[in-house]
Amino acid sequence: DIDECSFERTCDHTCINYPGSFECLCHKGYTLYGLTHCGDIDECSISNGSCDFGCLNTVGSYECVCPPGKKLHWNKKDCVEMVKCLPNAKPAPKAQLVCSKTGGIESCFLSCPSNTLFVPDSENSYTLSCGVPVQQGKAQPRRNSTLPSCSDSLAPPIKQKARFKIKDAKCHLRPRSKEKTKDSGKQAVSDNCQVTFVNLKCDSSKKKRRGRKSPSKEVSHITAEFEVEMKSEEVSDTCNIDCVRKRMEQKLQTAIKTLRKSINKQQFYIQFSGTEYEVAQKPAKATEGHEACSTGQVLQDGKCVTCSTGTFYSGEHNQCVSCSPGTYQDTEGQLTCEPCPSNDGQGAAGARNVSECGGKLNLIMKALGQCSPGHYSSDGFKPCTVCPLGTYQPEPGRTLCFPCGGGLVTKYEGAVSFQDCETKVHCSPGHYYNSTTHRCIRCPVGTYQPEFGQNYCITCPGNTSTDFDGSTNVTHCKNQHCGGELGDYTGYIESPNYPGDYPANVECIWNINPPPKRRILIVVPEIFLPIEDECGDVLVMRKSASPTSITTYETCQTYERPIAFTSRSRKLWIQFKSNEGNSGKGFQVPYVTYDEDYQQLIEDIVRDGRLYASENHQEILKDKKLIKALFDVLAHPQNYFKYTAQESKEMFPRSFIKLLRSKVSRFLRPYK
């Protein structure tokens, strides 16, 4: 058995080897195309992600969004009215920006007691939100607030945006040492600003100095957006709404001014679950204690593992800690847990979502059970109402049923799919039903539909598209990108979508330009170009783009037998063109550049028919591992000594070694 999974680039995500075969699998939120590649699924193209209102596709996932005045239901699909104040419910604790001054040094810390979201964008950047915006916009992180907002908002919130810079520091959210935290408790508070919502982004970038050769410096750019809600109780006879607004604006501006000073002195901290974190550190600081993994991750068996749902990352203990009873966490890698809606501190520890919260209210909900598909209720729990005629619901725990549209009725009550709607025509795969015109429409280019009787087409994964409209399968989705890696010593070229069928009407150009005094050797292990359409798909290799330049190789048909050859010119211009006719698997062609002093030897080897005579020798030229070893030695002859005689014997058949040895000996010692 050949272990295909041991080869480079076999699968985009996960490879499983079987006797005589292998299989590629994709991570959650991705789908397989082109046999080995994984592309992001656009869930929003599949019945709007089953969202009540809007759907936003993200890489590897998606989110449902709600219009102003509504919030997401716990099922993360439906939109429900925002309840301003439930009886006996405690309001969500507000974020606080607290600044103090000791010995002429300002320091600030932001306390985030609830509704926090930590998103590590990259190794040196992250986004952090704290609180719930009064009016959720597209640019703001979406966090489903489980606690009711009991505030009496008078007018639009006060919004301020500020940018800060920290020189020679990296954006790493790291726990502050206990000694420093103790010291901060002794400082006299000079200002305390309550904020409704904060969105903070920290990004580290290298700043190069013009005209100097000194090393580039690390600079952390911090962008902070603050939102403060205006409350009715602050209005009085002596200070009306405008007066309150002005006061609050001045208070926020003063707090931001102090914050700027504290950031400049690296005295700004964020508090989660009783632990204070530094926003960015100097390179020396960044390597202390927690350098092994990013924030929100812990080291397990030598690997960095993100804290799972139902837990939060404790910077103080550098470990994942289960959410305490009365709290939950439905997102990985977070720094705190969220209070449950009941807010009574009851229930089991480690709740992964609202429905696992426990407490009296949730225990009743669990006992009642969710509504089954084809049913709905105001909260998604029993007692439920059956979906009426003309509507359907494919999922459990929903608060609504989707209409068939266009005045269509369903075959029965409690329908669970659009396919239960009595359409005027029955659409075949590759089509979708238009409820306005009551016609079957072909799926447009870049989409497909494998089922009968559906009212949508699925968008192709990732950056793929289809050759034509009316596609019926994800296998018709093809990557248009011309593949390959072109190195000075080794590299390869690859037809688009390889090893899946290449797309129609594509043109690829590659240029191999080796370093001085080096020549090119190419191996074509196999190539699949259908000959049925009269040489419509062609691979050609020549000196330049000019049709009259020296041609090294040209083909328009399939060859499963390998061939090796040297370039007839020092440089190679390679072109692949396909027409709109038949398609095929295409090719993956490796090459190596070698010292021109060996030109005679290499040509002697590749032109000898014995190199291709036996199936054993042909398999060598198709084996990616063996070709890589041969190319490694051809590109850098000294690497021959990396391999022992025993390794060479195990890698190659005796006949192959014998063929090479005779030619190498004759070349190196011609007069012996």
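The values are calculated or read from the model by the stated rules, or taken from the named source; none is laboratory data. Predicted model, so just to flag it, every value in this text is computed and none were measured. Here the Cβ positions follow ideal geometry from the backbone for every residue, glycine too, while neighbour counts run over all protein chains shown. All accessible areas refer to the heavy atoms of the entire protein, side chains included, with ligands and DNA or RNA removed. Shrake-Rupley method; radii C 1.70, N 1.55, O 1.52, S 1.80 Å.
Below, the figures for the structure above:
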| read-out | value |
| --- | --- |
| Extension gain (nm, one decimal) between Asn511 and Lys261, 0.36 nm per residue minus Cα-Cα | 84.6 nm |
| Where labels lie 7 Å past Cα in the beta-carbon direction, separation of Glu422 and Glu451 in nm | 2.1 nm |
| Charge tally in the Cβ shell below 15 Å around Ser567, where Lys, Arg are +1 and Asp, Glu are -1, Ser567 excluded | +4 |
| Listed peptides 67-73, 112-118, 14-20, 41-47 by packing density, highest first (mean Cβ within 10 Å) | 112-118, 41-47, 67-73, 14-20 |
| Solvent-accessible area per residue for the chain (1.4 angstrom probe, square angstrom) | 52 Å² |
| Options Ser465, Phe418, Gly609, ranked by Cα towards positive dipole end of the chain, top entry (Cβ charges) | Gly609 |
| Two-site FRET efficiency, Ile105 against Ser546, from Cβ-Cβ distance with R₀ of 56 Å, rounded to 0.05 | 0.20 |
| Estimated [θ] at 222 nm from DSSP helical runs (n ≥ 4, -39500 (n - 2.57)) normalised by residues in the chain, nearest 500 | -4500 deg cm²/dmol |
| Radius of gyration and Dmax over the Cα atoms of the stretch 297-356, both given in Å | 11.7, 40 |
| For Thr385, residues with placed amide H under 5 Å, excluding near neighbours | Tyr376, Ser377 |
| Dipole magnitude of the chain about its Cα centre (Cβ charges: Lys, Arg +1; Asp, Glu -1), debye to nearest 20 | 3180 debye |
| Vicinal HN-Hα couplings computed from phi for the stretch 46-52 (Karplus, 6.51 cos²θ - 1.76 cosθ + 1.60; Hz; Gly/Pro x) | 9, 6, 6, x, 6, 7, 5 |
| Nearest-20 debye value, the stretch 297-356 charge dipole, Cβ charges on Lys, Arg, Asp, Glu | 120 debye |
| Vicinal HN-Hα couplings computed from phi for the stretch 27-42 (Karplus, 6.51 cos²θ - 1.76 cosθ + 1.60; Hz; Gly/Pro x) | 5, 4, x, 10, 10, 7, 9, x, 6, 10, 9, 10, x, 4, 7, 8 |
| Amide H partners (placed H, <5 Å) of Gly430, local residues excluded | Gln449, Glu451 |
| Sequence of Leu630, Leu25, Leu621, Leu299 from largest to smallest accessible area, 1.4 Å probe | Leu299, Leu25, Leu630, Leu621 |
| Cα→Cβ-extended label distance, 7 Å offset, between Arg669 and Gln599, nm | 2.7 nm |
| Karplus (6.51, -1.76, 1.60) ³J(HN,Hα), θ = phi - 60°, over the stretch 536-552, in Hz, Gly and Pro reported as x | x, 10, 9, 10, 10, 10, 8, 5, 8, 5, 5, x, 8, 6, 4, 9, 8 |
| Cβ-based net charge around Lys411, under 9 Å, with every Lys or Arg adding one and every Asp or Glu removing one | -2 |
| Protection proxy ranking, peptides 635-645, 470-480, average beta carbon neighbours within 10 Å, highest first | 470-480, 635-645 |
| Principal-axis tilt of helix 624-635 within the chain, Cα atoms, nearest 10 degrees | 70 degrees |
| Environment charge of Pro19, counting only residues whose C-beta is closer than 11 Å and scoring Lys/Arg +1, Asp/Glu -1 | -2 |
| Efficiency of FRET between Gln646 and Asn579 - r from beta-carbon atoms, R0 60 angstrom, step 0.05 | 0.75 |
| Rounded FRET efficiency, nearest 0.05, which uses the C-beta distance separating His317 from Arg9 and R0 of 35 Å | 0.30 |
| Tensor-based shape of the chain (alpha-carbon gyration tensor, a/c under 1.5 rounded, otherwise prolate or oblate) | oblate |
| Solvent-accessible area, 1.4 Å probe, carbon plus sulfur percent, for the chain | 51 percent |
| Relative contact order for the chain, counting Cα pairs under 8 Å that sit 6 or more residues apart, in percent | 8 percent |
| Which of Asp78, Asp40 is most accessible, then next, and so on - probe 1.4 Å | Asp40, Asp78 |
| Amide H partners (placed H, <5 Å) of Thr196, local residues excluded | Glu227, Val228, Glu229 |
